[in-house]
Amino acid sequence: MTMLSIALTKGRLEKQSVAMFEQCGYGVEELKNKGRQLVFLDTEKEQRYFLVKAADCVTYVEHGVADVGFVGKDTLMESEGRYYELMDLGIGKCGFIVAGLPGQSPFAKLGHVKIGSKYPNVAREYFKKRNMDVEVIKIEGSVELAPILGLCDGIVDIMETGTTLKENGLIVYERICDISARVIVNRASFKLKRPEIMRLLNDLQKVRDAHAETNGSR
Ligand SMILES: Nc1ncnc2c1ncn2[C@@H]1O[C@H](COP(=O)(O)OP(=O)(O)OP(=O)(O)O)[C@@H](O)[C@H]1O
Ligand SMILES: O=P(O)(O)OC[C@H]1O[C@H](OP(=O)(O)OP(=O)(O)O)[C@H](O)[C@@H]1O
């Protein structure tokens, strides 16, 4: 059997991704008990996993260093990589929103509008579709701070529970779209390692559907 290399997004998606592999019956003990280690071998299934930042996950898959990647749709929408997006994992569910201070909608402002975001391409694209000419300011994190301090009139960011916005006195003006984690696959790997990749996708699909059923029947 051919070895599959799988790039996992570290951080918020990590725990749920590892749990899915565990439920598939793969040997992820090393991944669960990691220290500073970044590559993990699952000899039984002939798979190796590595943990990388979201945007790097796309890069590794695009270049074929990883055959498969687990990454958020937010990152895919922001990047320009070439890969196959083959499955919605149903984890890491959240959404892209436009938010701002109450009574100060960026959609109602006349004149120059500034939008802060960790996702400048997504923000630019969205406002272009709305026929609005905005200046997008790239922000690396704690985006909610930017309109409070007057750096911008609104933000494009991720919202899950809405707690971060609420605790910072911001409101949602528009929901852009839903986001969840996806499986992406290198284009050449999909031809050369198709049986291994199909087996992985089938296993993941069973786990995802079992979750959906449990949640749906609550
Ligand atoms: N609040 C959230 N709820 C659900 N999923 C989220 C949330 N925030 C981020 N995600 C998903 O998890 C992925 C990783 O996010 P995470 O915050 O761990 O890393 P990051 O965005 O690279 O930030 P950092 O610079 O803090 O590492 C995101 O690309 C997104 O798909
Ligand atoms: O709606 P909520 O459940 O409050 O989640 C939303 C928050 O989660 C993400 O930030 P993250 O924690 O990744 O930190 P960051 O500001 O460094 O991006 C996002 O940018 C929001 O700030």
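Data for the structure
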{"quantity": "Part-to-part distance (alpha-carbon centres) for segment 46-76 and segment 82-154, which is given in Å", "calculated": "24"}
{"quantity": "Nonlocal amide H pairs with Ile179, under 5 Å, H built at 1.01 Å", "calculated": "Cys94, Gly95, Phe96"}
{"quantity": "Size of the chain as Cα extents on the principal axes (Å, biggest first)", "calculated": "62, 39, 34"}
{"quantity": "Fewest-first sequence of Tyr26, Tyr126 by Cβ atoms within 10 Å of each Cβ", "calculated": "Tyr26, Tyr126"}
{"quantity": "Assigned charges on the beta-carbon of Lys, Arg, Asp, Glu; the chain dipole about Cα centre (debye)", "calculated": "200"}
{"quantity": "Three-way shape label, segment 94-179, alpha-carbon gyration tensor, a/c 1.5", "calculated": "rounded"}
{"quantity": "Mean Cα-pair separation over length for the chain, i.e. relative contact order, pairs under 8 Å, 6 or more apart, %", "calculated": "27"}
{"quantity": "Distant-in-sequence amide H partners of Gly72 (H built 1.01 Å from N, under 5 Å)", "calculated": "Arg182"}
{"quantity": "Residue exposure sequence - Tyr173, Tyr83 - by fewest surrounding Cβ within 10 Å", "calculated": "Tyr173, Tyr83"}
{"quantity": "Extreme residue, positive dipole direction of segment 94-179, given options His112, Ile137, Gly154 (C-beta unit charges)", "calculated": "His112"}
{"quantity": "Around Lys193: net Lys/Arg minus Asp/Glu count, Cβ-Cβ under 12 Å", "calculated": "+1"}
{"quantity": "In Hz, Karplus ³J(HN,Hα) per residue of segment 174-188 (6.51, -1.76, 1.60; θ = phi - 60°; x = Gly, Pro)", "calculated": "8, 9, 7, 5, 7, 10, 7, 7, 10, 9, 10, 9, 4, 5, 6"}
{"quantity": "Cα-centre dipole for segment 82-195 with unit charges at Cβ (Lys and Arg positive, Asp and Glu negative), debye to 20", "calculated": "720"}
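Values in this text are rule-based calculations from the coordinates and carry no lab data. All figures in this text were calculated on a predicted structure; none of them were measured in a lab. Cβ coordinates were reconstructed from backbone atoms using ideal geometry, including for glycine residues, and neighbour counts include every protein chain displayed.
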